[in-house]
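Laboratory data are not the source of any read-out in this text; all were calculated from the coordinates shown. Since this is a predicted model, take the numbers as computed values, not measurements.
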Amino acid sequence: MRNMVNVVSYADGVYARVDEELEVHDLAVVGEIPAALDGMFVQNSPNPYFPPKGAYHWFDGDGMVHAFAIRDGRVHVRNAFVRTAEYEEEEAAGRVLWRNTFGTQPVGGWRSNLGNVMQKNVANTNIIFFGGKLLCLWEAAQPYRLEPATLRTLGLETIDGTLQPGMPFTTGVPALDKAAAGVVGDPLTAHPKVDRGREGEEGGDRLVAYGYRAKASAAALAAGRGAFDSELMLYEFDEAWRVVARRPIELEGFAFVHDFVVTEHYVLWFQNPCDFDPTLYVLGEKNPAQLITYDATRPTLVHVVPRDAASGRAQRTVEIPACFVFHHARGFERGGAEGGAERGGAEGGAPSCEVAPGEERLVVDSVVLEAFPAFDTLTRPPDDADRAALKALDFGAVPINRLTRFEIDLRCKVSRKSKQRTPTRPHSTTYRQLNNLLATT
Ligand SMILES: [Fe+2]
């Protein structure tokens, strides 16, 4: 990003909005496309339907999907907005009606937004193809499903009622949550992982996912850790979208969790030392991401949770020095015996935690920032008519992301190394595979 000389804001250069939806068939081909090349690449990214007027951040844009399809040596491209319910409402009204996460708000300042806590589902963060469904994902709500051949939006995807439509909050009382459907809902992360079927095991591939919800908590208030605790609903779906596993993992305090790690037996969440005070959001003054703060005096917590609650494996939390982790590259298990490591605890005695043989160590490669990049300073300020402040945005000041390897000893130790090359992992998890979608002809 430092070297993109023509980029001065989230609305210029490579970030500039695309205002056309195109369908182009039979692109000119130079040379010959190998006959075996058959399928479609798809990409989803933020693209604001309305040119930004007030405060704006890149991540607020409406989802736009681009598809590049190859079949029988012919190439076709198409792009389309993800037509969420909120998008269609705004398109019909001709103006921004909904609040967003990072900066965008309806015009009128706090007077327009006071007490309105509903967010627009922008469906802009990721796209996956699993179990026959092409889904656009946004972590604070439910996915939108598209028709692969046309990119036509088919509607909100609740996975046969598993996900209740609504916002990523919970009262902590299931009956109350159900009564508040539409406001309180079950979100789905934008970064689920496909766990490839294991040799000798039945069941095929699985989609491992979670939904993050902030839980209003009197206990949290009393303990001085803010207004919220957190709930992470862990899901595993088979290729027919049946729910193979679903259970809530409760964490103390607010957790800004955007991604996670899946290994053969565990999932891992990094809980950054962040807090969230919603007061100015409820008052209509600022949006949620602008109100997240970072406390470098607290450690980052790594929660190691067994995928199978009945496996007998323990859930545990390890602390690492304060840092901010937004994304992970991979994770896998490495057996202590196989790796030649000594068995036994830190002092050479018995292990302090029960672990199964062959999975004493988890290896995680993560993208790490030394501190939280406050969204408020990276958001175009309101009333920036002459774009002066916009042009003052210093992309060079964005903290450096560093690929970092964490080796987590399940006997309750953790070591951290930076900039390591990553070896082949013994068990495969992957982000997405988008082969064999139908090309349009
Ligand atoms: Fe992401």
Task: Three principal axis lengths of the range 270-323 [C-alpha, angstrom, descending] - done: 48, 25, 11
Task: Per-q log10 I(q)/I(0), the range 204-296, q = 0.11, 0.16, 0.20 Å⁻¹ (Debye; single scatterer per alpha-carbon; no solvent) - done: -0.40, -0.74, -0.98
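So what's the range 70-177 giving for Cα Rg divided by 2.2 N^0.38 Å, two decimals?
Details: Rg = 16.7 Å, N = 108, 2.2 N^0.38 = 13.0 Å.
Cα Rg divided by the expected 2.2 N^0.38 Å: 1.28.
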TODO: Please report the Cα spread of the range 14-131 along all three principal axes, rounded to whole Å, starting with the longest.
DONE: 60, 30, 25
Task: For the range 223-250 and the range 55-75, distance of Cα centres in Å - done: 30 Å
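Relative contact order for the range 1-120: what percent, with Cα pairs under 8 Å and sequence separation of 6 or more?
Working: 182 pairs, mean separation 27.5, N = 120.
Here the relative contact order equals 23 percent.
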